[in-house]
Amino acid sequence: MTIDTIDINTIIHNYRPEKRFTLAILQDIQNKFNFIPKEAIFIISDYLKVPASDIYSMATFYKALSLKPKGRHIIKVCNGTACHIRGSNTLINELTDLLNIKPGETTADGLFSVEIVNCLGACALAPVMVVDDKYFGAMTKDKVIEVINEYKEAVENGK
Amino acid sequence: MKVIINNIEYEGLPGETLMELAKRNKVNIPNLCHKEGFEGQGRCRLCMVEAREGNKTKIVSACVYPIHDGLEVNTDSEKIRAMRKNIILLLLLKTPNNEYIKKLAEEYDVKAPERYMDFSINENCILCGLCVKACEKMGTSAISLVNRGTGKKVSTPFDDPSKDCIGCGACAQVCPTNAITMTEANGVRTIWNKEFKMVQCSICNKHYTTEEALDFIESRLGNEEEKVCDTCRKKIISEKFKESYKNIFGQP
């Protein structure tokens, strides 16, 4: 994947060059690319006049920011208490088998990333799985296969 | 401002921390992450002392605790000794092979239960952050504390050779546990995965600093620096002093 430095520059110029905007810029870049490209750290550092080490420190601290490229669709499986008891491990195992990746990894075709999160605050829907911003409640093994196929088809149909 | 440490009264200066007062009066408060000239960090927690406030006492970190009039402190109470031992024990488990921490544990009679000791851990860093602070004070900020939780460590961005690093070695110098490796061979200094060409002293020919560090200092001062190492510089200055004393007092 090639990173457009013009894109990064457009994002950072939405903000004035002040240190307090570091996190806001990092979040915007995360949203745009689904990860923080290495170049971005140094471009932000030049623009804000903040040491690159400080920005790198921040980027590695927050879980919402990732330095590794993420897939097009991010699947979050809740493993909080309620979801755990209602069988979230079955979902995780099913996803591991289906996509051939471990939680925290991205598929080779760059389509899916799987993450385990600790609580999504939707315990009534347990076990919950979230794809991008869409919630899927009361999940079962079969439903996981359905959802994944749905997304795969959507991509194949050029959406 | 009167401050009582271990039943002896000391005169405190406004704005001082307890650690600064103690160091000034040669009162020993054990610590790892405090260095004169740096503000306290409150990271290593070894400088915990018991401060009396009214009828109650509380546990505070001496390096960040501002003194006030009538403050009464005990640096070696039963409670403090127990807590200090606990902190040293945790440090020992984190860095079981570090010479300095091992000595500290011996000094305070701390022995870790054998089943918890894992001598295969080859860690020396206690994450006190002094090196990061030193780098920041130098004006380079090439290193920082990265990651979090158990993966936390000190490094340059992406563990790459940093363009900000000038190889001055300040980080290695302040490190209380000697955790930063800096090697020098054939006029090349290696630190933080980066190699630096070293500069020779124009008097004694010793390799004493890196080209980048010298450039950095020159760019800050705006004039060219003499290429003289610390030892030779001391000699030159003492000669100058000798001369000026002669002028004042005549021949000694």
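The values are calculated or read from the model by the stated rules, or taken from the named source; none is laboratory data. Small disclaimer: the values here were computed from a predicted structure and weren't measured. Neighbour counts are summed over all protein chains in view; Cβ atoms, including those assigned to glycine, are modelled from backbone coordinates with ideal geometry.
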Practice problem: Quick one: which residue in B:THR95, B:THR150, B:THR156 is assigned by TED's automatic domain parsing to the domain that holds B:ASP230 and either surrounded by 16 or more Cβ atoms within 10 Å (Cβ to Cβ) or on the phi > 0 side of the Ramachandran plot (or both)? | Solution: B:THR156
Quiz item: Hey, among A:VAL144, A:VAL117, which residue is within 23 Å of A:ASN31 (Cα to Cα) and among the hydrophobic types (A, V, I, L, M, F, W, C)?
Solution: A:VAL117
Exercise. Would you confirm whether any residue within the stretch A:65-74 is assigned to a helix (DSSP H, G or I), away from chain B (no Cβ under 14 Å), within 16 Å of the chain's Cα centre (by Cα) and not hydrophobic (A, V, I, L, M, F, W, C)?
Key: no
Quiz item: Do you know which of the residues in the stretch B:140-193 that are within 18 Å of B:ILE217 (Cβ to Cβ) and in a strand (DSSP E or B) is farthest from the other protein chains (Cβ to nearest Cβ)?
Solution: B:ARG189
Quiz item: Just wondering, is there one or more residues in the stretch A:63-72 that are under 26 Å from B:SER144 (Cα atoms), of a type in the set (Lys, Arg) and in contact with a Ser or Thr (Cβ under 7 Å, 6 or more places away or on another chain)?
Solution: yes
Quiz prompt | Subset of the stretch B:1-20 that is among the polar types (S, T, N, Q) and surrounded by fewer than 18 Cβ atoms within 10 Å (Cβ to Cβ) - its residue that is nearest to the chain's Cα centre (by Cα) | solution = B:ASN6
Self-check item: Exclusive hit being outside any loop (DSSP other than H, G, I, E, B), basic (Lys, Arg), within 24 Å of the chain's Cα centre (by Cα) and loosely packed, with under 15 Cβ neighbours inside 10 Å, set B:ARG81, B:ARG52
Solution: B:ARG81
Practice problem: Check B:ILE203 against each of (1) in contact with a helix residue (DSSP H, G or I) (Cβ under 7 Å, 6 or more places away or on another chain); (2) under 30 Å from A:LYS63 (Cβ atoms) and name the one condition it does not meet. | Solution: (2)
Quiz item: If you take the residues in the stretch A:22-59 that are over 21 Å from the mean Cα position of the chain (by Cα) and of a type in the set (Phe, Trp, Tyr), which one is nearest to the other protein chains (Cβ to nearest Cβ)?
Solution: A:PHE42
Quiz item: Do you know which residues across the stretch A:104-137 are exposed (fewer than 13 other Cβ atoms within 10 Å of the Cβ), on the phi > 0 side of the Ramachandran plot and in contact (Cβ under 8 Å) with a residue 40 or more places away in the chain?
Solution: A:ASP132
Quiz prompt | Long-range neighbours under 6 Å by Cβ, at least six apart or interchain, first residue in contact (Cβ under 8 Å) with a residue 24 or more places away in the chain within the stretch B:166-187, second hydroxyl-bearing (Ser, Thr, Tyr) and assigned to a loop (DSSP other than H, G, I, E, B) | solution = B:ILE166/B:THR140
Quiz item: What are the residue pairs meeting all of these: first residue in the stretch B:229-240, first residue under 12 Å from B:LYS206 (Cβ atoms), second residue of a type in the set (Ser, Thr, Tyr), Cβ atoms under 8 Å, and 6 or more apart or on different chains?
Solution: B:CYS229/B:TYR208; B:CYS229/B:THR209; B:ASP230/B:TYR208
Quiz item: Among the residues of the stretch B:217-239, is any in the same structural domain as B:ALA170 (by TED's automatic domain parsing) and assigned to a strand (DSSP E or B)?
Solution: no
Exercise. Could you grab me the full set of residues in the stretch B:196-252 that are of a type in the set (S, T, N, Q) and within 20 Å of B:CYS168 (Cα to Cα)?
Key: B:GLN200, B:SER202, B:ASN205, B:THR209, B:THR210, B:SER219, B:ASN223, B:THR231
